[in-house]
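Read the structure below first, then the notes.
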Amino acid sequence: MTTQRMPVTAEKALFTFYDIESLSNVFTLCTYTPYPDGSGTFEVFYLVDDAPSGANIADDIDHQLMGHAIFASNPGLPAFPWTQVRFLDLRREDSNRHLAEIVGLSNADQVNDLSEVSGYPPELRPVCDTDPGYDPIRHPFVAGYNSMNYDTTMLALYLNEVFPNPGRGGGGGGTTARPRDREHNTHRKKNKEKQRLQK
């Protein structure tokens, strides 16, 4: 006898929305998770390269100023303390692991098959809505804005760079913002310019 599953609807499920910005020396990924009681969590993951002179920029970031800017430019966000804002420096291994836990990281052929082996730690495997322990209020769907190609590719590239050796432990640090911008943003800008000229 099979256990009957309750259908998951957008009304009953939790969602984490994310977006990526990649500049010449800054890589950022922001997530926003609204909860049924009206509260929410806004997380800012950032990777800032040192200045050409070698000066450290990331340590001088004013989180309070950034927080004020986030609320000022997003008036739809419930005001603090209803929306809690966290800043996570991607130079830190724990910040990278937290990001991987949110979006999931696995190299199994069939990620939704629990019997499939992944070289990455099991706690990084994304929870699927077909899992026996899936709970739509505890395990949010991850949704992006126009992210099917660019953002998902950038995210996969980033996680591959910071977790380069699945099955060997370690990982979670040791990359810069610049490679993503130089190779991928340049290609995207050329495509946008080409589309503009064709109109």
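The values are calculated or read from the model by the stated rules, or taken from the named source; none is laboratory data. This one's a predicted model, so the numbers in the text were calculated from it and none came from an experiment. All Cβ positions, even for glycine, are placed from backbone atoms using ideal geometry, and neighbour counts span all protein chains on display. Protein only, heavy atoms only, side chains kept; ligands, DNA and RNA dropped before computing areas. Shrake-Rupley method; radii C 1.70, N 1.55, O 1.52, S 1.80 Å.
Structure values in brief
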read-out: Length-normalised contact order for the stretch 9-86 - Cα pairs under 8 Å, 6+ apart - percent; value: 25 percent
read-out: Share of carbon and sulfur in the accessible heavy-atom surface of the stretch 12-56 [1.4 Å probe, %]; value: 60 percent
read-out: Accessible surface, 1.4 Å probe, highest first, among residues THR16, THR153; value: THR153, THR16
read-out: Table column - 3J(HN,Hα) (Hz), the stretch 43-58, Karplus curve with 6.51, -1.76, 1.60, x for Gly and Pro; value: 10, 10, 9, 9, 10, 10, 6, 5, 5, x, 6, x, 5, 7, 9, 4
read-out: The stretch 15-162, relative contact order in percent, only Cα pairs under 8 angstrom and at least six apart counted; value: 23 percent
read-out: Sequence-distant residues sharing a close amide H with GLY119 (under 5 Å, placed H); value: ASN107, ALA108
read-out: Cα-centre dipole for the stretch 1-104 with unit charges at Cβ (Lys and Arg positive, Asp and Glu negative), debye to 20; value: 500 debye
read-out: Fully extended contour minus Cα-Cα distance, from ALA79 to ASN146, at 0.36 nm per residue; value: 21.5 nm
